[in-house]
Amino acid sequence: MVTAPEPAARVQALVKSFGATRALDGISASLPAGTILGLLGPDGSGKTTLIRLLAGLMTPTAGSVEVLGRRPDAEGGATQAEVGYMPQRFGLYEDLSVLDNLSLYADLRALPTPARQARFAQLLAFTGLAPFTARLAGALSGGMKQKLGLACALLGRPRLLLLDEPGVGVDPLSRRELWRMVNELLQQGVTVLWSTAYLEEAERCAHIWLLDAGRLLYAGAPQELSQRVAGRVFRRPVAAGTARRAADAELERPGVLDAVIQGASVRVVARAVPVAQFAPPAYQAVAPRLEDAYVELLGGARKGASALAQGWPSRAPERGSVLVRARGLTRRFGDFTAADRVSFEVRAGEIYGLLGPNGAGKSTTFRMLCGLLRPTAGEASVAGVNLLHAASQARARLGYMAQKFSLYGDLSVRQNLDYFADIYGLRREARRTRVNAMIDMFDLGPHLRDNAALLPLGYKQRLALACATLHAPAVLFLDEPTSGVDPLMRREFWHHIGALTTRGVAVVVTTHFMEEAEYCDRIGLIWRGRKIAEGTPDELKQRVRSSAHPEPTLEDAFIALIGSEAA
Amino acid sequence: MLQRLFAIVRKELITMLRDPRARASLIVPPILQLFIFASAATMEVKNISLAVVDLDDGPYAADLEQRLAGAPSFTALPRYPSVQAARKALEREQVLGMLVLPSGLSAQLAREHSGVVQLLMDGRRSNAAQITAQYVTAAITPAGSASAAPLDTAAAAGPVPRAELVIDNWFNPNLEYRWFMLPNLVGTLSLGVALMLTALSVARERELGTFDQTLVSPATPVEIALGKLLPSLLVALLQTTLYLLLVTQLYGVPLRGSLVIFYGAVLAFAAACAGVGLFISSLVHTQQQAFLGAFAVLLPFALLSGFATPVENMPWWLQLFTGVNPLAHMLRLMQGVFLKGSAFAAQAHELMQLVIIALCTTLASVVLFRRKAR
């Protein structure tokens, strides 16, 4: 870069408060024109607030916002014409067709009629939606909805495009498509802001702003941030099936900042150079990644054994015994077969991942397994108890944690714990010990009287895990458990889950995020209602390894496997 | 089993009562509604202007006129010399109707103790006209009836001893309408609460995702359904108790019947409504749908209960519906408990019918809920 061009947007000591809470707490940064900026941070860190301030939809409490050389709060209409904004769930009218939606947004933007047809054709070709103009927006897949949202945001030929978590609810195939489109826009000179809670997306951006609890932790190129840990990152291959234990052991060593599982090896980040203790051949130096540096920014992974596993009251089941069995699970909705003869087994101490794009049938399969949906054919059993014949007993053996931490938000932390203890039938002494143990383990004491809805995200996750495991279930069902949380919270969560497997708990997890999939022992890939592949993460990667692709990621494997199935 | 049921009930009650705003929304609007409807939704017609066309010019006309003028509802009784003149005034809506006293009326009354007067009402304002006609009828009945009582005593007689309460109402419009309204309101207002609370609470949990969390627990659908029904009953009990105090202490409506019947009726009625609410909630996915569904049944229940229009005036097939409409039974029970103090046996019979309806709706809704839960 020779001379820095005029930034597309600039914020100065920006503060936005809602009542007593500060959503943004003194942010200063500038967005270079003509590039893509990744706005990275966990849910609730202030990403959406910042975007809405840039779009001129809010006024700052203090500080200033400048977009394309103007202040959006002072002269809203002027900048809005040049700013395209795509909210998280884009305001599509689900009962209108694709073309009607475009026309409506063209009307709202007061796009002159003669220019419309050409622009529509251009955008439809660009987004690949041309064959679907007559389809109702509500009938589109998640990825197609995002593309239509993008087309609507692009109608006014914006110079700055604000995308609020466009990758959420979109499968990897569609996500690649979105990136292709964004890259084309960048070539046309459009500045793009892409907000995300996922590092793999942020890593592809030219610049990132890293938000945490309303503060800016970092602004700059992601590579520059990664370089901060350069020379301190190592990979240690380990024997199959021992990765989890090895990672825990690494983390306990002094001088280790972070240790995570990566297939059949452990990725270790040292706290500082020199790093004599991580010498080859056991350790291989590898290139740093954004996540390594992010963890350092947040202060490093929490050490210590999982208290949850240590206080686990039930006896470990025999290793290798089958705790979840799905046999020919089929579910039809009218003519549509959402799940088609899905079979698999999960053994004690195993983490099994159901991976697949949205609408592929993984949620349907998952819901049948935990008794939320009755199968049309086939059967499911949990801890040897058939879900159809003895539903209540089977459900007593399983714990369930949904994506959105579905706890009772109007109830206090204590009331939530008591409620779940009661509906799982814990009696006097056991009830008191378990509830108190959970409060100690997860450090919930200071929040006991707070409404669950008002807890910080990390505590919500802890409470949800506490409520799901109060009754020491044999099987845990997790539905995208760590989407939208920061790497430390994700590590803490999986640390507990990993430790529970040593107590013989079987875990079934659905996800379409590769960061979560890496934690699985085995993965079943679900596509169009069928299980099209199964294996360890490394096995799946191995299947698509080629000379062109020597180091495929799980996402590459996912896309290649689906591609070969579709062909 | 009981532990789980109590846990769900307690959770529901906390959800309803923990948040100060939610708590207020359970108490303040119903009380406001009671006050507002009690003063606004009376069926009295006031400020009546009634034309009098006196072709008789005898003693009876003067007497009748005096009686009408004595009733506070009639603010003006303009005299017109002819039917044609009065008709013009009626067309211009200066008067609501006209009372025509034919010539020779007084003489005929003195002779035969009966006579005919003509009352012409403005049909465009049918409701007011109908009620006014009843006022006028009430005023002239003792004289116009075939009773042998002489005119002058009839005027002073007041309520005829063997007359029923219905006739009482006509003689004391000011008081009796509120007495009629308030017991009805107790029933109608608690209808909405029990039905809405149940219908919305399941949909709300579906939207928040907490419903799944409870469904994957060992709690059975029947326990969950009961856990949703019982809190509505408790809230209805609380609210009606509040109403009972307000209606009797503040408005002075007598409580002539038994409290056992009162609370029995409230419980059965709330159960019937909560059952309908649970039924609705089994069929919908969002709170908006639940709200629309609840509204779709609330209106027919209220309109076909005898609250707004007398059941006797409905076609036979609608009368059949009122037989299964819990509100229709509830209103009769409330009337009985507050005003009539009619025989305990008659009320017990009515209550039994309500209990049967409640059993039907709750059982049906639990069965449906069980089938739809997964």
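Modelled spin-label separation between residue A:252 and residue A:188, with each label point placed 7 Å from Cα along the Cα-to-Cβ direction: 5.7 nm.
Association of chains A and B removes close to 2500 square angstrom of accessible area from solvent, both sides included, for a probe radius of 1.4 Å.
For the peptide A:415-422, the mean number of other protein chain Cβ atoms found within 10 angstrom of a residue's Cβ is 5.
Of all the C-alpha pairs in the protein assembly as shown, what % are more than 58 Å from each other? Of the Cα pairs, 29 percent sit more than 58 Å apart. Calculated from the alpha-carbon coordinates, segment B:175-373 shows an Rg and a Dmax of 17.3, 56 Å respectively. Remark: accessible surface ordering of A:549, A:471 (largest first) is A:549, A:471, probe radius 1.4 Å. Heavy-atom accessible surface of residue A:37, to the nearest 10 Å², is about 0 Å², with a 1.4 Å probe and all protein chains retained. Length gained on full extension, residue A:302 to residue A:221: 26.5 nm, using 0.36 nm per residue less the C-alpha separation. Between B:353, B:221, B:120, whose Cα lies farthest towards the positive end of the dipole of chain B when Lys and Arg beta carbons carry +1 and Asp and Glu beta carbons carry -1, centred on the Cα centre? Farthest along the dipole direction, towards plus: B:221. Filter the DSSP H helices in chain B by two things, a Kyte-Doolittle mean of at least 0.0 and an axial alpha-carbon span of 27 angstrom or more, and list the hits by number. Length and hydropathy pass: B:20-40, B:173-208, B:221-245, B:259-283, B:344-372.
Spin-label pair residue B:321-residue B:289: with each label point 7 Å from Cα along the Cα-Cβ axis, the two points sit 2.4 nm from one another. In the assembled protein chains, residue B:6 presents an accessible area of approximately 120 Å² (probe radius 1.4 Å). Close amide H partners of residue A:271, meaning residues 5 or more places away or on another chain with modelled amide H under 5 Å apart, are A:256, A:257. Extension gain, residue A:95-residue A:429: 0.36 nm per intervening residue step, less the Cα-Cα distance, totals 114.8 nm.
Ranked by solvent-accessible area (1.4 Å probe, protein heavy atoms only, all chains present), the residues A:184, A:429, A:165 order from largest to smallest as A:429, A:184, A:165. In the distance distribution for chain B, Cα-Cα pairs more than 28 Å apart total 55 percent. In plain terms, the chain from residue A:374 to residue A:322 could stretch by 16.6 nm, reckoned as 0.36 nm per residue minus the Cα-Cα distance. Each pair of Cα atoms in segment B:1-111 enters the Kirkwood radius, and Stokes-Einstein at 20 °C and 1.002 mPa s then converts it into a translational diffusion coefficient of 113 µm²/s. For peptide B:217-223, the mean count of partner chain Cβ atoms within 10 Å of a residue's Cβ comes to 6. Solvent-accessible surface of the protein assembly as shown, averaged per residue with a 1.4 angstrom probe and all protein chains in place: 43 square angstrom. Tell me, what % of the accessible area of segment B:48-140 is carbon and sulfur with a 1.4 angstrom probe? The C+S portion of the solvent-accessible surface of segment B:48-140 is 52 percent. Pairwise Cα separations in segment B:48-140 fall into 10 Å bins from 0 onward with the following percentages, short to long: 17, 52, 28, 3. If you take the square roots of the eigenvalues of the alpha-carbon gyration tensor of segment A:7-75 and sort them as a ≥ b ≥ c, do you get rounded (a/c under 1.5), prolate (a/b over b/c) or oblate? In terms of gyration-tensor shape, oblate. For each pair in A:362/B:228; A:362/A:531; A:362/B:11; A:460/B:11; B:11/B:228, compute the distance between the two Cα atoms and list the pairs where it is over 21 Å. Over 21 Å Cα-Cα: A:362/B:228; A:362/B:11. Between residue A:88 and residue A:285, the distance separating the two model label sites (each 7 Å from Cα on the Cα→Cβ line) works out to 4.2 nm. What shape does segment A:136-271 have by the C-alpha gyration tensor, where a ≥ b ≥ c are the square roots of the eigenvalues, rounded means a/c under 1.5, and otherwise prolate means a/b greater than b/c and oblate the rest? It comes out prolate by the Cα gyration axes.
Rounded to the nearest 500, the 222 nm mean residue ellipticity of chain B from helices alone is -22500 deg cm²/dmol, with -39,500 (n - 2.57) taken per DSSP H run of at least 4 residues. Within segment A:404-508, the proportion of Cα pairs with more than 20 Å between them is 37 percent.
A probe of 1.4 angstrom, applied to the heavy atoms of all protein chains, finds residue A:271 with accessible area near 110 square angstrom. Note on the protein assembly as shown: antiparallel DSSP beta bridges, both residues inside, total approximately 55 percent of the bridges counted.
The values are calculated or read from the model by the stated rules, or taken from the named source; none is laboratory data. Because the structure is a prediction, the values reported are computed rather than measured. In this analysis, Cβ positions are derived from the backbone assuming ideal geometry, glycine residues included, and neighbour counts consider all displayed protein chains. SASA here: full protein model, heavy atoms, side chains in, ligands and nucleic acids out. Shrake-Rupley method; radii C 1.70, N 1.55, O 1.52, S 1.80 Å.
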